[in-house]
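Asks: Have a look at the structure that comes next, please.
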């Protein structure tokens with residue numbers, strides 16, 4: 001005869017009372033396992049799955065920067081790096097080997113990405129219930145129906161509870177000594193007095209991971225409360241001013257309005273149902289609101305700011321959209337766009353780098369810098385390519401050029417370039433930058449110019465230097481912009497050979513196209529004339545100004561009547 005009373009250690013479980021017993025295959029046992037298992041979702045940004053937890057210390061490379069993680073709290077360092085440069089594609093690499101703790105609290109050493117991918121693929125089962133904790137100790141009564149053994153176990157931690165439940169077999173029955181205390185997500189404690197109360201509490205727990213329903217509801221509440229204004233819109237160039245004066249409202253029925261008092265544009269919004277939801281916007285097909293019609297990734301969302309980005313499926317360029325509670329006061333964005341145009345047209349060389357009073361310019365000799373419209377950048381030498389990215393911030397004190405290049409090597413000089421640089425001067429031939437050191441005791445200086453450090457050019461350009469370079473090897477058209485439209489594909493597959501008699505031949509393997517080329521000096525500027533036969537005559541019959549050239553590239557431009565760059569033609573050596 002068994003008593004259902006559980007207040008004395010000498011009393012036993014009534015195995016016939018299913019309301020107060022727990023078996024290995026019961027619903028409550030599964031819920032208790034999910035609540036007590038090792039939490040794995042807090043560090044998914046590192047290991048890419050919710051079945052494992054990283055054992056610290058661990059080392060990762062976030063956007064090219066080495067980060068040593070001493071505890072879970074250091075995960076915020078990764079997010080800070082990801083948020084520091086908005087115009088980048090965030091990347092994270094694990095420095096293997098790394099030790100992971102599994103759901104059953106056992107440990108496994110992972111030696112490379114292939115092993116980690118296999119573990120991620122094997123990650124199955126229901127997600128953890130991470131927003132509920134138990135107040136220990138908890139007393140558990142045990143009974144084995146096969147050998148009729150009884151006992152009492154005191155549980156002092158999640159791992160002890162998990163192992164007890166995980167190792168239950170079909171002959172085992174357990175019962176909890178109620179009441180127990182359960183700690184909710186908001187820190188409050190509730191008393192639970194029965195299996196049914198505990199099962200209801202765990203089954204109805206609304207605690208998915210950080211991108212679950214709880215945060216989505218908060219996002220929707222913020223979005224649909226009050227008014228928003230576009231404070232930043234970047235689509236190849238800063239086009240924020242297109243939305244100046246427009247107030248955006250988002251309703252709970254998924255409709256939206258943008259109005260400036262005289263013109264009202266209706267729209268819709270939706271959140272995708274993926275594990276990392278995106279904000280889908282649609283404001284019709286009229287310019288400029290059709291530019292907002294995208295599936296936007298949510299970078300940051302609070303009650304005061306919503307930052308979004310969209311990666312184009314075509315050319316991989318990244319667009320950025322920011323909503324805030326107060327209108328854009330930045331005024332004219334012409335200076336931003338001029339800097340973008342100068343930076344992304346042609347190639348650059350470091351002609352001055354002064355760090356803490358030391359002239360370290362020679363650290364970058366031999367590197368040719370290219371800044372691309374999608375926010376990426378490269379520094380290319382004869383032996384390596386350093387990847388990076390850039391962004392421009394319009395501050396009250398002026399423009400900042402934010403640089404971030406990979407700096408995984410020891411004593412890597414590119415780490416010194418990674419900063420928010422004040423723009424002192426920006427033109428088609430020079431970009432001068434400065435940065436106050438952390439202590440404020442010195443000013444670092446960085447200058448990009450069109451010729452290498454110590455190179456030629458200047459006010460007395462030598463046309464023969466460019467002629468000799470172009471006559472060496474074969475070349476291809478890397479960029480052709482016609483009134484800002486990218487028409488580089490016209491020249492895809494063609495290799496150009498420049499001859500000393502001022503003729504040029506382009507071949508794609510099946511046909512040859514002939515033309516002429518001339519380098520001359522007009523005033524104090526190098527000019528380049530180019531004329532090709534059909535079918536690749538789009539960029540010819542024009543007089544280009546030579547913007548820059550090196551042993552491996554040459555960029556030619558045509559300015560409009562206002563002096564702005566209208567057409568761009570860039571050759572690079574094969």
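Quick note: the coordinates plus some simple rules give every number you see, no bench work behind them. Remember, it's a predicted structure, so these values are computed and weren't measured experimentally. Glycine also receives a Cβ, built like all others from the backbone with ideal geometry; neighbour counts cover every protein chain displayed.
Asks: Hey, what angle do you get for helix 75-84 against the long axis of the chain, alpha-carbon based, 0 to 90 degrees rounded to 10?
Replies: Roughly 30 degrees, rounded to the nearest 10.
Asks: Something else about it: Checking the a/c ratio against 1.5 first, then a/b against b/c, what shape does the Cα gyration tensor give for region 463-573?
Replies: The shape class here is oblate.
Asks: Using Cα pairs closer than 8 Å and at least 6 residues apart in sequence, work out the relative contact order for region 213-330, in percent.
Replies: Normalised by residue count, the contact order of region 213-330 is 26 percent.
Asks: Using only C-alpha positions, report the orientation-averaged shadow area of the convex hull of region 116-210, nm², one decimal.
Replies: Value for region 116-210: 8.1 nm².
Asks: Along each principal axis of its Cα atoms, how long is region 213-330 end to end? Whole angstroms, biggest number first, please.
Replies: 36, 35, 26
Asks: Counting each DSSP H run of 4 or more residues in the chain as -39500 (n - 2.57), what helix-only mean residue ellipticity at 222 nm follows after dividing by all residues, to the nearest 500 deg cm²/dmol?
Replies: My calculation for the chain gives -4000 deg cm²/dmol from helical runs alone.
Asks: Below 8 Å between Cα atoms, with a sequence gap of 6+, how large is the relative contact order for region 76-205 in percent?
Replies: Reported relative contact order: 19 percent.
Asks: Sorted from largest down, give the three principal axis spans of the alpha carbons of the chain, whole angstrom values.
Replies: Taking the Cα atoms of the chain, the three principal extents are 111, 60, 59 Å.
Asks: Taking the Cα atoms of region 504-551 alone, what are Rg (to one decimal) and Dmax (as a whole number) in Å?
Replies: 12.5, 41
Asks: Measuring from centroid to centroid over Cα atoms, what is the spacing of region 239-311 and region 546-561 in Å?
Replies: Using only Cα atoms, the two centres lie 39 Å from each other.
Asks: Based on other C-beta atoms within 10 Å, arrange 279, 69 from fewest to most.
Replies: Ordered by Cβ neighbours within 10 Å, fewest first: 69, 279.
Asks: Relative contact order for the chain: what percent, with Cα pairs under 8 Å and sequence separation of 6 or more?
Replies: So the answer I get is 8 percent.
Asks: May I ask for the angle, rounded to the nearest 10°, between helix 27-36 and the longest principal axis of the chain, with both axes built from Cα atoms and the value confined to 0 to 90°?
Replies: 50
Asks: Sort 319, 90 so the one with the fewest other Cβ atoms within 10 Å of its own Cβ comes first.
Replies: 90, 319
Asks: Could you check the simple spin-label distance between residue 76 and residue 122, using points 7 Å along Cα→Cβ, in nm with one decimal?
Replies: 3.5
Asks: With N set to the residue count of region 44-121, report its C-alpha Rg divided by 2.2 N^0.38 Å to two decimal places.
Replies: 1.09
Asks: Along its principal axes, what span do the Cα atoms of region 336-449 show, with the longest given first and each in whole Å?
Replies: 39, 34, 23
Asks: To test your reading of the geometry: what angle, between 0 and 90 degrees and rounded to tens, separates the Cα axis of helix 334-344 from the longest principal axis of the chain?
Replies: The answer is roughly 80 degrees.
Asks: List 325, 34, 467 from most exposed to least, where exposure is judged by having the fewest other Cβ atoms within 10 Å.
Replies: 325, 467, 34
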